[in-house]
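Here is the structure we will look at, set down as structure tokens.
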Amino acid sequence: MIVATVVAYLAFRTTAVADDSDAVAFRFFGGVRDWVDANRDTHPLFLYGINYLRLGIRLLVDAVRAGLTGLGLAGLVAVAGAIAFVLGGWRPALLAVAGFLGFGVLGLWDESVDTLALTLTAVLISVLIGVPLGILAARVRWIGAALRPLLDVMQILPTFAYLAPMTLLFLIGSPAAVVATLIYAVPVTIRITELGIAGVAPSAVEAATALGSTRWQLLAKVRLPMARPALVLAVNQTIMMALSMVVVTALIDAPGLGVNILQALERVNVGAAFDAGLAIVIMAIVLDRVTTAAARRQRRDWRVSAVVLVAAIAIAAARVTLELPLFSFAKPVNDVTGWLELHWYDATEWLKNTVSTVLLNPLETLLTTTPWWLFTLVVLAFGLLLAGWRAALIAGAAAAGLTGLGLYQHAMQTLATVLVATVLTMLVGITAGVLCARHDRLATIVRPVLDAAQTMPSFVYLLPAVALFGASRFTAIVAAVIYAAPPVVRLVERGIRDVPATVVEAALSAGSTPGQLLRKVQLPMARGGLLLAANQGIVMVLAMVVVGGLVGAGALGYDVVAGFSQREDFGRGLAAGFAIVLLGVLLDRLTQGFHRRKGPSR
């Protein structure tokens, strides 16, 4: 099949003609926007549905923001510390107080409060929608089966893909940002709640039923209390996902720290972006540690908690004024960046040019000169061979859809960048994962680094890449590798560690060297974990490569950004958003199908 593909390519390759700037899809989406603009104040869908929804979300965001800002700096710090103490104990409380004071010290108090208000609003709505749906999915089989494919698609969509449709329906600003964040975060709430409810011990349910409990009593007094750790984990993960997405929504005029990062990236001011990025990381760590501690909370004396809460409310009511010293990392970071640019220029340029010349440019040329019909046939054929007919048909339809949207060339350029970044991510992830699996001390050192890396929003990963390589396609690749490597390292380490000790001992007894043990025993038996790592890595790389359109990666990411900023490019930007979705579906179906067919080998 490979030979037939090569022959067909040599016989039918094209000259990589640029995409039509006036494709049918662009005009169609532009027409949809014109229709929406003309009917926004007259059509019943908007008059009695979307407009009220937008208004309600705006009022909720304003109420949350007013509540946070009304407490004042000292009051909010005290209340945050008190809530962290009640939920998790004194360690999370100290972390919360230090973190919130850090926002003021960095001079980013207002922006941090805006980001927190959007995040809390989105999390509140996600929990209100996600927890009941998760319970229904666990208790009613057909609802769970109906939700599963929808949640699959929502979880593989890159964040950029949500933004254009949201601006079309909800306009730019906070409501569109909250809805986009909700779509991104709520699948996690539903899935973890479903797992928690479904995981309640049947013996406990049978005992309660035997005692005459009704269905509602079973839910309120058995299932929900016993699923409490899973429910808290669901809130924790929803917060992390929401915070990550809220930062990205700065692209559609949502307020907060994302605006600072976006403006700094546009000016290539790494130091200014570092301050905002640090504030986001602090917020992510504080929220993560507080909710994680809440999941492990032991029973606490309510009188102590009441005293702490009353003291915090008293500080807020007293309107205590708190003057904090200001400190910015902008100058030292810019100095370091300047030093790196001066002294590492040759090395970074060599690395960038080598990867571009040896890997990226040839692969991009190969893909962009392949006719769309041949690309679709190859996806169908290899999908059928490796992933099964169902995955092959979905992937083939997604491949054909790229041409239908009029963005085949840009999609192939994005795909080339994704494939190169995925190869580098897997090289880094497998190497680090194998080393961590074989050396417990190294794993202990690396684990907190991976924990911190997995709580950071995607925008933050652009900063070191821009600092070292400037604005280019390779910058997006570096950011994607940094973003996607932590879960790959974890999954590879887990896969290697899960190889039965008896098998390892048998191989060593037969005289296998460490290299032979790895190549012939551990890696083959960890195939399921490696394929899952590849799937997760490729989806995360796609998400980050698209964000890289902000720093010179071009292709579909740039089309989406241009669609937000220029009205005449809206149709193209919306089409690019759908093309990103199709690429995500294509890559996910093929790797998931391959994982299912060739997964765990034992």
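Given a 1.4 Å probe and every protein chain left where it sits, what share in percent of the accessible area of the chain is carbon and sulfur?
67 percent
Counting 0.36 nm for each residue step from Leu195 to Val268 and taking away their Cα separation leaves a gain of 21.9 nm. Pairs of alpha-carbon atoms within less than 8 angstrom and 6+ residues apart define the contacts here; what relative contact order does the stretch 223-375 have, in percent? Rounded, it is 24 percent for the stretch 223-375. Length gained on full extension, Asp335 to Tyr9, computed as 0.36 nm times the residue gap minus the Cα-Cα distance: 112.4 nm.
Note on the chain: with charges restricted to the Cβ of Lys and Arg (+1) and Asp and Glu (-1), its dipole about the Cα centre is near 2400 debye.
For the peptides 489-502, 337-350, 464-477, 241-254, the ranking by mean Cβ contacts within 10 Å, running from highest to lowest, is 241-254, 464-477, 489-502, 337-350.
Using Cα pairs under 8 angstrom and six or more residues apart, how large is the relative contact order of the chain, in percent? Rounded, it is 20 percent for the chain. Membrane-span-like helices in the chain (whole DSSP H runs, Cα extent of at least 24 Å along the helix axis, mean Kyte-Doolittle hydropathy of at least 1.0): 109-139, 174-198, 228-248, 270-295, 408-438, 527-547.
What the phi angles of the stretch 41-50 give under the Karplus curve with 6.51, -1.76 and 1.60, with θ = phi - 60°, is a coupling list of 9, 10, 6, x, 4, 8, 4, 10, x, 5 Hz, glycine and proline written as x.
Go ahead and estimate [θ] at 222 nm for the chain from helices alone: -39,500 (n - 2.57) per DSSP H run with n ≥ 4, summed, over the residue count, rounded to 500.
It comes out at -26000 deg cm²/dmol, rounded to the nearest 500.
Take each peptide in 268-280, 408-420, 36-48, count the other Cβ atoms within 10 Å of every residue, and average; sorted highest first, the result is 408-420, 268-280, 36-48. Note that the stretch 323-329 has calculated 3J(HN,Hα) couplings of 9, 10, x, 9, 8, 10, 8 Hz, one per residue in order, obtained from phi through the Karplus relation 6.51 cos²θ - 1.76 cosθ + 1.60 (θ = phi - 60°); glycine and proline are x. For the stretch 308-352 and the stretch 80-127, compute the distance between their C-alpha centroids and round to whole Å. Measuring centre to centre over Cα atoms gives 17 Å. Using the Cβ-Cβ distance between Ala381 and Asp152 with R0 set to 30 Å, the FRET efficiency from 1/(1 + (r/R0)^6) comes to roughly 0.80.
The values are calculated or read from the model by the stated rules, or taken from the named source; none is laboratory data. Just so it is clear, the structure is predicted and the values come from calculations on it, not from any experiment. Positions of Cβ are generated from backbone atoms using ideal geometry, with glycine treated the same way; all protein chains shown enter the neighbour counts. Just so you know, the surface numbers come from the protein's heavy atoms only, side chains and all, with ligands and any DNA or RNA stripped out. Shrake-Rupley method; radii C 1.70, N 1.55, O 1.52, S 1.80 Å.
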